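Contents: one structure, followed by commentary.
The values are calculated or read from the model by the stated rules, or taken from the named source; none is laboratory data. All figures in this text were calculated on a predicted structure; none of them were measured in a lab. Note: ideal-geometry Cβ built from the backbone for every residue, glycine included; neighbour counts use all protein chains shown.
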């Protein structure tokens with residue numbers, strides 16, 4: 001699949017009249033691209049990583065990250081290190 005999965009099947013969801021799913025999905029798509037790019041820059045993009053834009057039932061954007069346990073641990077480590085650096089700088 002690759003790091004960014006933009007497949008969307010409109011027939012696979014239940015649509016509620018008046019909910020702006022497209023707006024939420026577009027927002028999520030941009031965020032998914034940012035996340036995918038950040039993972040790639042950190043050396044964490046690979047065949048085991050999928051980032052997918054979606055929309056919640058209320059229309060808000062969702063980003064789904066699927067990865068191996070090892071990659072998840074590396075993302076957690078990177079997040080902890082970054083948080084510690086930000087605390088020291090702030």
### Query
So residue 43 fits all but one of (1) in a helix (DSSP H, G or I); (2) without any contact (Cβ under 8 Å) to a residue 12 or more places away in the chain; (3) more than 30 Å from residue 15 (Cα to Cα); what number is the exception?
(1)
### Query
Within region 79-89, is there a residue that is at pLDDT 95 or above and touching a strand residue (DSSP E or B) at 6+ places or on another chain (Cβ under 8 Å)?
no
#### Entry: Residue within region 22-31 that is in contact (Cβ under 8 Å) with a residue 24 or more places away in the chain and part of a loop (DSSP other than H, G, I, E, B) present
no
### Message
I'm trying to understand the selection: among the residues of region 9-35, which are at pLDDT 95 or above, surrounded by fewer than 16 Cβ atoms within 10 Å (Cβ to Cβ) and either in contact with a helix residue (DSSP H, G or I) (Cβ under 8 Å, 6 or more places away or on another chain) or closer than 26 Å to residue 81 by Cβ (or both)?
### Response
30, 31, 34
### Task
For residue 64, work out the one condition from (1) part of a strand (DSSP E or B); (2) modelled with pLDDT of 95 or more; (3) crowded, with 16+ Cβ neighbours inside 10 Å it doesn't fulfil.
(3)
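Residue-by-condition table, conditions (1) surrounded by fewer than 16 Cβ atoms within 10 Å (Cβ to Cβ); (2) under 30 Å from residue 15 (Cβ atoms); (3) over 12 Å from the mean Cα position of the chain (by Cα):
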{"residue": "37", "(1), (2), (3)": "yes, no, no"}
{"residue": "54", "(1), (2), (3)": "no, yes, no"}
{"residue": "57", "(1), (2), (3)": "yes, yes, yes"}
{"residue": "69", "(1), (2), (3)": "yes, no, yes"}
{"residue": "75", "(1), (2), (3)": "no, no, yes"}
{"residue": "90", "(1), (2), (3)": "yes, no, yes"}
